[in-house]
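Read the structure below first, then the notes.
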């Protein structure tokens with residue numbers, strides 16, 4: 001049995017690799033081909049295309065890379081048309097994956113989508129596309145199942161795969177000995193996982209470190225797929241991301257999956273996101289929900305502050321940090337975040353997803 005699976009970002013590569021591992025436990029004879037990164041390749045996926053350099057956020061960045069993205073799409077579409085695949089598993093990455101769903105269905109290949117695009121936030125107009133070209137949605141956020149079922153689309157919530165993975169890599173004592181130079185409260189800075197967003201956030205972080213010099217100690221999380229040179233001048237953590245999140249007094253986090261990871265560790269945070277002007281304006285016009293941070297979206301209310309726009313002022317960020325640095329507010333946020341794990345479901349999400357896929361072949 002041949003399965004085509006595509007992920008377009010580092011987080012998707014992780015989720016897809018774990019899914020492939022679990023499917024192989026049930027169907028050891030299954031062969032996988034598709035698009036992904038090092039993790040998927042390590043699990044035995046034969047890569048038709050590597051995701052390096054493909055990750056984009058926002059409309060401006062899509063426009064700047066459209067030629068490359070079109071080439072990759074054509075290559076994958078041709079592979080789907082010519083390959084003898086029993087199943088196509090798109091993993092998130094809607095810009096390309098939704099179009100590949102159409103190619104797969106036209107070829108008579110079953111499509112099971114793993115990790116839903118955030119249509120509930122910005123793209124309800126694409127629901128009809130999913131209704132036509134996707135056989136089943138496997139979703140990882142609790143409200144997504146109801147969102148799709150109300151619109152006549154078969155969907156199942158399996159829980160969130162992060163629930164069992166978000167655990168500090170080392171003890172607090174080991175972390176402090178390895179990284180910290182003072183006894184000041186630690187602020188962890190998470191500028192994002194893509195090169196473009198890291199470059200946009202680091203200048204703000206540099207100003208922030210200077211502003212609070214002598215009041216807090218700062219460490220920056222270095223992303224797996226971003227060159228180390230980009231972080232020049234910053235003290236960074238690379239191998240222990242969850243330890244940094246857990247042992248920080250508070251965090252400044254670029255909006256994305258990292259807000260859920262930090263939330264699962266019950267660490268207070270300020271969510272930020274600086275974007276190009278055109279991306280901000282178009283995104284604001286499309287956004288249908290009151291929050292942008294995943295942790296606030298899942299909790300259904302604003303637990304932690306958000307600062308989003310083409311310009312984020314140092315004064316505004318410093319003010320939000322000072323608010324959640326107060327002991328009473330810091331404890332309140334930690335108490336509220338302690339409910340997140342229950343909302344996201346029990347451990348074993350990837351195993352349940354693999355079981356659903358194999359039962360539907």
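Brief remarks on what is shown
Condition check ((1) touching a residue at least 12 places away in the same chain (Cβ under 8 Å); (2) under 30 Å from residue 52 (Cβ atoms); (3) touching a strand residue (DSSP E or B) at 6+ places or on another chain (Cβ under 7 Å)) across all residues:
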site: 150; (1), (2), (3): no, no, no
site: 158; (1), (2), (3): yes, yes, yes
site: 161; (1), (2), (3): yes, yes, no
site: 168; (1), (2), (3): yes, yes, no
site: 176; (1), (2), (3): yes, no, no
site: 213; (1), (2), (3): no, no, no
site: 218; (1), (2), (3): yes, yes, yes
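- Looking across the stretch 149-194 at every residue that is under 30 Å from residue 132 (Cα atoms) and outside any loop (DSSP other than H, G, I, E, B), the one that is farthest from the chain's Cα centre (by Cα) is identified as 149.
- Enumeration of residues in the stretch 161-198 that are buried (at least 20 other Cβ atoms within 10 Å of the Cβ), modelled with pLDDT under 95 and over 30 Å from residue 352 (Cα atoms): 197
- Residue list for the stretch 220-235, filter: closer than 20 Å to residue 321 by Cβ and within 21 Å of the chain's Cα centre (by Cα): 220, 221
- Filtered residues of the stretch 102-140 (kept if in a loop (DSSP other than H, G, I, E, B) and in contact with a strand residue (DSSP E or B) (Cβ under 6 Å, 6 or more places away or on another chain)): 109, 115, 116, 134, 135
- Residues that are under 20 Å from residue 211 (Cβ atoms) and modelled with pLDDT of 95 or more number at least 3 in the following strands (runs of 3 or more DSSP E) confined to the stretch 230-340: 250-254, 269-274.
- The listed residue being buried (at least 20 other Cβ atoms within 10 Å of the Cβ), more than 26 Å from residue 165 (Cα to Cα) and modelled with pLDDT of 95 or more, out of 104, 77: 104
The values are calculated or read from the model by the stated rules, or taken from the named source; none is laboratory data. Please read all numbers here as calculations on a predicted model, not as lab measurements. Note: ideal-geometry Cβ built from the backbone for every residue, glycine included; neighbour counts use all protein chains shown.
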